[in-house]
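*Asks:* Supplied in structure tokens, the structure appears directly below.
The values are calculated or read from the model by the stated rules, or taken from the named source; none is laboratory data. A quick note: this is a predicted structure, and the numbers were derived from the prediction, not measured. No Cβ is skipped: glycine too gets one built from the backbone with ideal geometry, and neighbour counts run over all protein chains shown. SASA here: full protein model, heavy atoms, side chains in, ligands and nucleic acids out. Shrake-Rupley method; radii C 1.70, N 1.55, O 1.52, S 1.80 Å.
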Amino acid sequence: MTTAPPRPPVIGASVADEFFDALTRADEQHALDLAGGLVADGTPVTDVLLDLVGPAQERVGLLWQTGEWSVAQEHAATCINERVVAAVGGLVVAGDRGHVVLGCLDGEWHALPARIVGEVLRQHGWRVTFLGASVPTAHLISYLHEQGPDVAAVSCALAMHLPGAHRTIAAAQRTGTPVLAGGPGFGADGRWARLLGVDAYAATATGAVDLLATARWVDPPGAGRAAVPETGGAEYAALRERRTALVRDTVARLGGASPPAGGGALDGDAVDDTGQLVDFLAAAVYLGERDLFADHVRWLCSVLSARKASTAVVRSALDRLDEGLHDFPFAQGCIAGARELLDGARR
């Protein structure tokens with residue numbers, strides 16, 4: 001599938017800056033007034049969502065990543081953006097092009113991008129049921145059986161959720177519902193989505209609109225077949241069994257420091273953050289994709305570099321994981337590649 005070319009922005013920089021300033025000050029009313037005023041003046045809702053709210057949220061994420069914003073500031077801005085999406089998106093009635101059930105995978109809490117995609121689809125005539133963040137697989141499948149939508153769309157922001165995504169995708173397809181996947185968690189150009197056997201992948205909201213406008217689900221859902229087994233293989237299963245001990249022992253080795261914060265003042269929750277490191281490694285083993293773990297470590301390096309923090313905590317974590325996984329050849333290969341990345345970052 002090819003995605004739509006980038007859209008030239010239609011909202012000027014001055015308006016975008018004013019909107020972002022409202023987010024910075026947690027001025028919800030001004031943000032709502034700006035977005036609503038654009039729509040009242042004739043700016044399409046899709047443009048407000050994709051050229052104003054979406055880029056603003058990306059800036060919010062980058063400010064958190066560099067340590068310039070706290071989690072509280074990020075949450076406040078995100079909540080305002082969610083209110084803006086609800087306000088401008090509610091200005092259109094449901095269309096009759098078909099029914100899309102859209103939700104975030106179990107454990108996936110980054111719901112705003114998916115919500116924006118849902119509202120853009122609604123603007124283009126689709127009836128969209130948005131199930132929100134972290135939808136348990138069993139509940140999604142029950143809903144698909146009850147509602148019988150034309151398409152199930154699933155969003156994944158973090159690749160560590162891909163093993164669970166595979167089970168969700170396969171279960172949804174067994175209901176006879178084709179699955180459309182989206183989100184950066186599925187890898188560049190959706191390469192990991194295809195390994196999991198999705199029926200279609202869209203990198204952008206406009207890409208999803210174009211795809212659904214032309215899609216003809218000729219083959220049964222899942223006919224493309226996943227390239228990996230739902231079990232993930234013996235090494236993945238063994239790694240999952242060892243997860244609790246790996247996290248415990250690694251946190252002890254780090255002395256309570258958090259890998260993404262480098263052990264500095266911006267430290268997060270050491271158990272959760274170390275657990276994420278293990279889960280990204282497990283996802284790489286599940287898919288047989290070393291690049292998946294390398295991408296996560298590369299992101300950690302960029303975060304630490306932006307915060308002027310050392311990568312020593314990450315290296316210590318990798319050393320401890322390597323010791324605990326001495327009989328896991330693929331995982332050790334992933335760790336070796338990550339160490340090479342760290343060596344390169346120090347040069």
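*Asks:* Just the number: Rg to Rh for region 32-99, Cα atoms, Kirkwood Rh, two decimals.
*Replies:* Result: Rg/Rh = 1.07.
*Asks:* Now for a different question. Counting heavy atoms of the protein chains only and a 1.4 Å probe, report the per residue accessible area for region 1-142 as a whole number of Å².
*Replies:* That works out to 48 Å² per residue.
*Asks:* What percentage of the solvent-accessible surface of the chain, computed with a 1.4 Å probe over protein heavy atoms, is contributed by carbon and sulfur atoms?
*Replies:* Values: 8220 of 15600 Å².
Ligands and nucleic acids excluded, carbon and sulfur give 53 percent.
*Asks:* Continuing with the same structure: Would you mind getting the accessible area per residue of region 178-316, heavy atoms of the protein chains only, 1.4 Å probe, in Å²?
*Replies:* 44
*Asks:* Against the globular-protein guess of 2.2 N^0.38 Å, express the Cα radius of gyration of the chain as a ratio, rounded to two decimals.
*Replies:* 1.03
*Asks:* Another question, if that's okay. Calculate the FRET efficiency for ALA226 and SER142 from the Cβ-Cβ distance with a Förster distance of 30 Å, rounded to the nearest 0.05. Provide the component values of the computation, followed by the final result.
*Replies:* Numbers: r = 22 Å, r/R0 = 0.75.
That gives a FRET efficiency of 0.85.
*Asks:* Can you tell me which of ALA203, ALA234, ALA56 moves the most in a GNM of the chain? Springs connect C-alpha atoms under 10 Å apart.
*Replies:* Greatest mean-square fluctuation among the candidates belongs to ALA234.
*Asks:* Using the basic label-point model (7 angstrom from Cα toward the beta carbon), what is the ALA237 to THR24 distance in nanometres?
*Replies:* Result for the modelled spin labels: 5.4 nm.
*Asks:* Please compute the alpha carbon radius of gyration of region 243-326, then divide it by the globular-protein estimate 2.2 N^0.38 Å. Two decimals is fine.
*Replies:* Working: Rg = 12.0 Å, N = 84, 2.2 N^0.38 = 11.8 Å.
Against the empirical 2.2 N^0.38 Å value, I get 1.01 for region 243-326.
*Asks:* Using the basic label-point model (7 angstrom from Cα toward the beta carbon), what is the LYS308 to VAL39 distance in nanometres?
*Replies:* 4.3
*Asks:* Compute the long axis of helix 13-24 from its Cα atoms, compare it with the longest principal axis of the Cα atoms of the chain, and write down the angle in degrees, 0 to 90, nearest 10.
*Replies:* 60
*Asks:* In the Gaussian network model of the chain, springs joining C-alpha atoms below 10 Å, which of VAL84, VAL314, VAL15 carries the largest mean-square fluctuation?
*Replies:* Comparing VAL84, VAL314, VAL15 in the GNM, the peak value goes to VAL15.
*Asks:* Mean separation of Cα pairs under 8 Å and 6+ residues apart, divided by the residue count of the chain: what relative contact order is that in percent?
*Replies:* Relative contact order here is 13 percent.
*Asks:* Quickly work out the ALA188-to-GLU82 label distance, labels modelled 7 Å from Cα along the C-beta direction, and quote it in nm with one decimal.
*Replies:* 3.2
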